[in-house]
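Visitor: Sharing a structure here in structure tokens format.
The values are calculated or read from the model by the stated rules, or taken from the named source; none is laboratory data. Note that the structure is predicted; figures quoted are calculated from it, not measured. Neighbour counts are summed over all protein chains in view; Cβ atoms, including those assigned to glycine, are modelled from backbone coordinates with ideal geometry.
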Amino acid sequence: MKKLLCVMLTMIMLILPCTTFASAAGEVKGDLTEYPVIIVPGYSSTNLYYGDSLETGEAVWGLDFDHVLDRVLARIAELGIGLGLFAFDNAEYITDVVAEEMLVLFEKLRCNPDGTSAYELHQDYTEAEDKNNAVLMERFDTTIYRQEVEIAEEIASYIGHENIYNFSCDFRMGAEFCAGQLDEFVQSVKKHSGKDKVNLFAVSHGGQVSATYLALYGHKGDVDNAVLTIPAIGGAGIAYDAMMACVEFDEECLVRFVENGTMTEENYNWLVKAHQLGFVDTLLNTLFPKILPAIGYWGSLWDFITVDKYEKAKATLLDSEESARLIAISDRFHYEILPSMPEKFAKCIENGMNISIIAGTGNRIVSGMPENSDGIITTAASTGATCAPYGQRFADGYKQINPCGGKDKVSPAMDIDASTAYLPDNTWFVDGLFHGMTYKDNYTRVLMMNLLLTDDITDVYSAPEFPQFKYSTNASHTVHASFGGCREGFVSGGADKLVVMNTCANSTVRIAAIECDGLDLVFDIDPFADIAPGATIEIPFTGDIPEVSGTTASVTVYYAMDTITPIGYRTQTFRIMNGEAVETQEGFEDLEPTTPFDGIADNNINAILKKFGFRELVAMLYNIIFYWYDMLIAF
């Protein structure tokens, strides 16, 4: 029953229509640069073929999904048997069937143990003229040769499709190889466009490739602005979990991921918070070792293994002799190129280039790794910052590792120390931003466009409307809270109200209750006041803010809305900066706030409610009722 519930909820989320928004005219401020934009896309975005030409060759990536469906139908009986056995915890049969098909499907993509391609493969197009958006739109009625189409449309609204180019590479190869291909493409774009520089917009794996390109070729001065969004610079946590078959799938995180991707305004994630099921883990952990012969020697996957886990994975999965070449290439990336990036980036900036990173935080890796991340890439790997484990923060009084000229580089939630980042002054952290969702968050979307198309924002201090640390404003979060009179994410004695924004695109929101942990505040709520989509409401409060600095407090806003899930909540953590610094302590503390429900629910009650999946609902209802009971008593 639990398996069925989880699958049904996930399928519901996958078929929900995506909420869209129109970009507002004039969101890009200042003068536009004169340079063309190269889109460096996410992983596996390149069409690869085997044969003499694209027209006559066999497509080995850029799959024909009708063919995939035919293969599924051809083995439907075996898959049915496998599903039946899987219901009784036998995952071997169905994973054997799936692995057999995947090994056939990926055969031409296979690499030898030394990392070289087992077959001679080619990319769809490689020259700038053939990868220009305007040219591709004229030649083809399909978008398969264009990258990041949704984002490209908005970029084109400012500079035209004729000034957008699509980079592609053999994504199986390592970051250094792909960076060399990017350098060649940059030269091609410069020649075709007649410009002496380009702007780079990079996503995910494209961020790793672009960062490697900047480290190796940035000295050429061919780039004006480079914007790396949710970049896999130092690797991707999900790669280690998959390759080492240690997946502990987080279903609740997956549902939140889908909610963000669809920008849905209903909140389903709390419905599965108690259903952390193991059946998906068993399936994936049984399957992955069986398909490693097809993908296990891709250099890119080895560059996705983060430095702290690289040696263990290498010792487990690679033969030191057979894979000597692959190991040497990946060693160079991990131990030479990656550590050199802060110095190389700084030199690029000193020479007039703008390099910016936008990263997601505040999520667990969806495959189970308990590290602060955007769901796919750890925040530490994406930015170089030092992070507390997922769900925890640094202890009170934490001191940042590097002085950074006296600039405060610790996040409001005290879970990130940006002083160690590759670019401490040029990295923006967005709590609650999931991987690939930069365009679906108004804050990061507008920031991204201004960083890419103008030279006005040179660091995190250039534009106050774009603070270094920010909570996501994706519609799926419903509300966003901040203290009036204070910096984003902070609370001080100057706070005079709580400002709550409705981040939805369509739904009206009403505030049901507000609870604080670490602040003794009472909020004057009007539960009948509607907050229209995109609007804000100012909520006065009374009470005291502790006269200390260097600790945190959380604010949980409970809300009601006319949707399938009529109630929900969002918790944000604020750093208190209101007096003398607290004494420095060691270690970590939990970020999860204490609510009134925690005061009455013992271990047995929690265990029973979690077993039946009602814990989140009961806690929400109790906390809302407790708030109004408390108000009635006080009145």
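Visitor: Among the residues of the range 611-622, are any modelled with pLDDT under 85, over 19 Å from Arg510 (Cα atoms) and touching a His at 6+ places or on another chain (Cβ under 8 Å)?
Guide: Checked the range 611-622: at least one residue is modelled with pLDDT under 85, over 19 Å from Arg510 (Cα atoms) and touching a His at 6+ places or on another chain (Cβ under 8 Å).
Visitor: Continuing with the same structure: Quick check on my filter: what residues within the range 413-447 are buried (at least 23 other Cβ atoms within 10 Å of the Cβ), in a helix (DSSP H, G or I) and touching a residue at least 60 places away in the same chain (Cβ under 8 Å)?
Guide: Of everything in the range 413-447, those that are buried (at least 23 other Cβ atoms within 10 Å of the Cβ), in a helix (DSSP H, G or I) and touching a residue at least 60 places away in the same chain (Cβ under 8 Å) turn out to be Thr438, Lys440, Thr444, Leu447.
Visitor: Another one. Quick one: which of Gly375, Gly391 is under 22 Å from the mean Cα position of the chain (by Cα), at pLDDT below 95, surrounded by fewer than 18 Cβ atoms within 10 Å (Cβ to Cβ) and not aromatic (Phe, Trp, Tyr)?
Guide: After ruling out the rest, the residue left standing is Gly391.
Visitor: Identify, from the list Asp141, Asp114, Asp130, the residue that is in a helix (DSSP H, G or I) and more than 30 Å from the chain's Cα centre (by Cα).
Guide: Answer to the check: Asp130.
Visitor: Given the condition closer than 27 Å to Met437 by Cα, among the hydroxyl-bearing types (Ser, Thr, Tyr) and either in a helix (DSSP H, G or I) or touching a residue at least 12 places away in the same chain (Cβ under 8 Å) (or both), answer yes or no: does some residue in the range 319-326 qualify?
Guide: The answer is no, given that none of the residues of the range 319-326 is closer than 27 Å to Met437 by Cα, among the hydroxyl-bearing types (Ser, Thr, Tyr) and either in a helix (DSSP H, G or I) or touching a residue at least 12 places away in the same chain (Cβ under 8 Å) (or both).
Visitor: While we're looking at this one, here's another question. Given (1) surrounded by 24 or more Cβ atoms within 10 Å (Cβ to Cβ); (2) more than 25 Å from Thr444 (Cα to Cα); (3) not acidic (Asp, Glu), where does Gly237 come up short, assuming only one miss?
Guide: All conditions are met except number (2).
Visitor: Just one of the numbered conditions (1) among the acidic types (Asp, Glu); (2) in contact (Cβ under 8 Å) with a residue 12 or more places away in the chain; (3) within 29 Å of Thr383 (Cα to Cα) is not true of Glu153; which one?
Guide: (2)
Visitor: Could you list, in sequence order, the residues of the range 341-357 that are within 24 Å of the chain's Cα centre (by Cα) and in a helix (DSSP H, G or I)?
Guide: Met341, Pro342, Phe345, listed by residue number.
Visitor: While we're looking at this one, here's another question. Quick one: in the range 389-406, which of the residues that are assigned to a loop (DSSP other than H, G, I, E, B) and either without any contact (Cβ under 8 Å) to a residue 60 or more places away in the chain or assigned by TED's automatic domain parsing to the domain that holds Arg575 (or both) is nearest to Leu591 (Cα to Cα)?
Guide: Tyr390
Visitor: What about Thr552, is it in a strand (DSSP E or B) and either in contact (Cβ under 8 Å) with a residue 60 or more places away in the chain or over 30 Å from the mean Cα position of the chain (by Cα) (or both)?
Guide: yes
Visitor: Can you report the number of residues in the range 586-620 which are surrounded by fewer than 16 Cβ atoms within 10 Å (Cβ to Cβ), more than 31 Å from the chain's Cα centre (by Cα) and assigned to a helix (DSSP H, G or I)?
Guide: Summing the residues that are surrounded by fewer than 16 Cβ atoms within 10 Å (Cβ to Cβ), more than 31 Å from the chain's Cα centre (by Cα) and assigned to a helix (DSSP H, G or I) in the range 586-620 gives 6.
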